[in-house]
Amino acid sequence: PTPALAPTAQVAHLQITTLAQAPVSTASTLVQQPPQPQQQQLLTQLQPKPQQLHQHPPSKLKVKCLKVLKGLQSHQHGWVFNSPVDPVELGLPDYFEVIKRPMDLGTIKKRLENGSYHELNGFKGDVNLTFDNAMLYNPKGSVVWNMAKELKDKFCVD
């Protein structure tokens, strides 16, 4: 008899037991098969609830985020962050050495419109990355650093 296991351990135990009992030639086939009813029930119970992930229905999330994004893009300093940085045009040869994950508000808008964000944290992370990148690359107190700081603060309030 198998000792009582937590739901997560039960799923793992079921999968390991099934694979351990199968001949080697069928092990890969078993992995690709859909879960058995008992396994599916346990997997369903383990699924995080939407509120646990700060998820909203995609249309609600999209509408809410687009409203906040529009406020940032139409801000008097928004134009600075509305398109990707062009290091050649701006004469910034070390930009990609300093900034490992470039991001801008225009790219975020495209991602929103394409349904790429499934939870609020992804959107928030990209908006913050946009301003954090500007504040990392530009010296504290510079015009661009100050613009980024102002918009980041606005975003936190919105």
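The values are calculated or read from the model by the stated rules, or taken from the named source; none is laboratory data. Just so you know, these numbers come straight off a predicted model, no measurement behind them. Ligands, DNA and RNA are stripped out before the accessible areas are found, and what is left, the full protein with its side chains, is counted by its heavy atoms. Shrake-Rupley method; radii C 1.70, N 1.55, O 1.52, S 1.80 Å.
Using a probe of 1.4 Å on the protein chains alone, the accessible area found for Trp145 is around 40 Å². Among the listed pairs Lys62/Lys140; Lys109/Lys140; Lys60/Lys152, those whose Cα-Cα separation exceeds 29 Å are Lys62/Lys140. Extension gain for Glu113-Phe96 works out to 3.5 nm (0.36 nm per residue, less the C-alpha to C-alpha distance). By a straight-distance test (C-alpha under 15 Å), which aspartates and glutamates pair with Lys100 as possible cross-link partners, with residues fewer than eight away in the same chain excluded? Reachable aspartates and glutamates: Asp86, Asp126, Asp132.
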